[in-house]
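A.B. asks: There's a structure below that I have some questions on.
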Amino acid sequence: MQEPDDFTKHAREVLADEPELLNRLLALRGEVQMFAAQRMPTSAPPPANLLNARNQHLLEEPGRLLGDEKFEKVFGFKRGEQINLVDPSLYNIDE
């Protein structure tokens, strides 16, 4: 069996008294990872703003599941805060 990653360990600590919520969060994470791993239906690499918007959208569901306070405790930033994983200035794709 594989050792839990840092996110799983942290989520277990934060949600230790809510095992059902933890299980739902980890199941959702698995679904999101599978979705995010899918190729985008285009031959050209997607622009940074599209990748960042997609990531932001993927954070909405755990936000609804956890609520503001627990979301911030689990993820380390406020629900709804703009998180850009791709820096457009470093990602040289014409948009």
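A.B. asks: Select, from 14, 32, the only residue that is of a type in the set (Val, Ile, Thr) and touching a residue at least 60 places away in the same chain (Cβ under 8 Å).
C.D. replies: On inspection, the qualifying residue turns out to be 14.
A.B. asks: Could we say that residue 86 is surrounded by 11 or more Cβ atoms within 10 Å (Cβ to Cβ), assigned to a loop (DSSP other than H, G, I, E, B), touching a residue at least 12 places away in the same chain (Cβ under 8 Å) and not charged (D, E, K, R) here?
C.D. replies: Against the criterion (surrounded by 11 or more Cβ atoms within 10 Å (Cβ to Cβ), assigned to a loop (DSSP other than H, G, I, E, B), touching a residue at least 12 places away in the same chain (Cβ under 8 Å) and not charged (D, E, K, R)), residue 86 qualifies.
A.B. asks: Among the residues of the stretch 29-77, which ones are part of a loop (DSSP other than H, G, I, E, B), modelled with pLDDT of 90 or more and surrounded by 11 or more Cβ atoms within 10 Å (Cβ to Cβ)? Give the steps one after another, and end with the answer.
C.D. replies: First pass over the stretch 29-77, keeping only residues part of a loop (DSSP other than H, G, I, E, B): 37-47, 59, 76-77.
So of that shortlist, the ones also modelled with pLDDT of 90 or more come out as 59, 76-77.
Within the stretch 29-77, 59, 77 qualify.
A.B. asks: Also, I was wondering about something else. How many residues are acidic (Asp, Glu) and outside any loop (DSSP other than H, G, I, E, B) when one looks only at the stretch 1-28?
C.D. replies: Let us first name the residues in the stretch 1-28 that are acidic (Asp, Glu), namely 3, 5-6, 13, 17-18, 20.
Among the residues that remain, those that are also outside any loop (DSSP other than H, G, I, E, B) are: 6, 13, 20.
Residues in the stretch 1-28 being acidic (Asp, Glu) and outside any loop (DSSP other than H, G, I, E, B): 3 in total.
A.B. asks: A further question follows. Here is a check on your reading of the model: is residue 16 among the hydrophobic types (A, V, I, L, M, F, W, C) and at pLDDT below 90?
C.D. replies: no
The values are calculated or read from the model by the stated rules, or taken from the named source; none is laboratory data. Note that this is a predicted model, so its numbers are computed, not measured. Here Cβ is always computed from backbone atoms with ideal geometry, including for glycine, and neighbour counts include all displayed protein chains.
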